[in-house]
Amino acid sequence: MSNFWNTTSTSIIFLLTGVPGLEAFHIWISIPFCFLYITALSGNSLILFAIVTQPSLHKPMYYFLSMLSTTDLGLSISTLVTMMGIFWFDAREISFNACLLQMFFIKLFTVMESSVLLAMAFDRFVAISNPLRYATILTDSRIAQIGVAIVIRGTLMLTPMVALLKRLSFCRSHVLHHSYCFHPDVMKLSCTDTRINNAVGLTAMISTVGVDSIFILLSYILIIKTVLSIASPEERKKAFSTCISHIGAVVIFYFPLISLSFVHRFGKRAPAYVHTMIANTYLLIPPVMNPIIYSVKTKQIRRAVIKIIYSKDT
């Protein structure tokens, strides 16, 4: 019996969880989630296609937006199979290695999104504070280097965090509390000392998402300082308006992330399905909302998207 419970990580099959207490309604619950996935995948694909095919959008700001759409697509695809598999087919089993792979990509695309938002904040700062040198500072090659650096940074920071889970053994329940593999969720099931894992995981998130949020805030302090020094009210309004979409993207990325942390820390008495629904939607809100925000607030994107839609109809 002890050999059964104290299993090595490679032989483990985890059981994912849908919405606790509402299993009978999984088909109905899947409808809004399916709609969100379709919106996220189609919206981000459309923006990505518009930027690639429209020469007028071959500018630094839109290159960064294409990176944001790519990370949003990756984040959506990372959870799509397991979440809809549970809702539609009650397919709850996932092997340990598959779990690690999913966890890695969820974390990677989350960190990449944070990094892209920081790069976009830098883009807005350069555009407002030094518009004459904007094109020479943010060249195509430099933007490509930033993109590569974002991927390498995320990979190097997250690989140790995920790889260290291989050393754990599990002697408790193998039932996870989400419809995807969540790093703290997996660690809670281990009967091995996880202090190193906790330290590495916390360090990885603080040095990526935490540091990025601080630099984004500093960027906007400098942007506000620059804008307030502009004499013309019309020019101030125009400068601020170029930041609206990015501010919206930052809010919808960090607010759900902070909300989930607060719920996990202070909402222990809340029903289990509340935790699950928030955990599910927190990964879907940015991919769903970012295309909508940029399509509504950015005239060039809106025109390009409308042009593509009408050209397909004709």
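The values are calculated or read from the model by the stated rules, or taken from the named source; none is laboratory data. All figures in this text were calculated on a predicted structure; none of them were measured in a lab. All Cβ positions, even for glycine, are placed from backbone atoms using ideal geometry, and neighbour counts span all protein chains on display. Just so you know, the surface numbers come from the protein's heavy atoms only, side chains and all, with ligands and any DNA or RNA stripped out. Shrake-Rupley method; radii C 1.70, N 1.55, O 1.52, S 1.80 Å.
General remarks:
- Count of the range 81-101 residues which are under 28 Å from SER169 (Cα atoms), open to solvent by 20 Å² or more (accessible area, probe 1.4 Å) and not acidic (Asp, Glu): 8
- Whenever a residue of the range 177-203 is free of Cβ contacts under 8 Å to residues at least 60 places away in the same chain and more than 27 Å from PRO271 (Cβ to Cβ), its partners that are part of a loop (DSSP other than H, G, I, E, B) and not basic (Lys, Arg), lying with C-beta atoms within less than 6 angstrom and at least six residues away or across chains, give the pairs THR192/LEU168.
- Single residue of the range 134-161 satisfying the filter (β-branched (Val, Ile, Thr) and open to solvent by 60 Å² or more (accessible area, probe 1.4 Å)) that is nearest to the chain's Cα centre (by Cα): VAL151
- In summary, MET84 fulfils each of the numbered conditions (1) over 30 Å from PRO131 (Cα atoms); (2) free of Cβ contacts under 8 Å to residues at least 24 places away in the same chain with the single exception of condition (2).
- Residue check, LEU48 at pLDDT 95 or above and more than 14 Å from LEU284 (Cα to Cα): yes
- Tally of residues being in a helix (DSSP H, G or I), over 26 Å from MET112 (Cα atoms) and of a type in the set (Ser, Thr, Tyr) across the range 190-248: 1
- Evaluated against (1) β-branched (Val, Ile, Thr); (2) at pLDDT 90 or above; (3) within 26 Å of LEU68 (Cβ to Cβ), THR242 falls short on exactly one condition, (2).
- Test: residue in the range 187-206 that is of a type outside the set (A, V, I, L, M), under 21 Å from TYR282 (Cα atoms), surrounded by 17 or more Cβ atoms within 10 Å (Cβ to Cβ) and out of contact with any helix residue (DSSP H, G or I) (no Cβ under 6 Å at 6 or more places or on another chain): no
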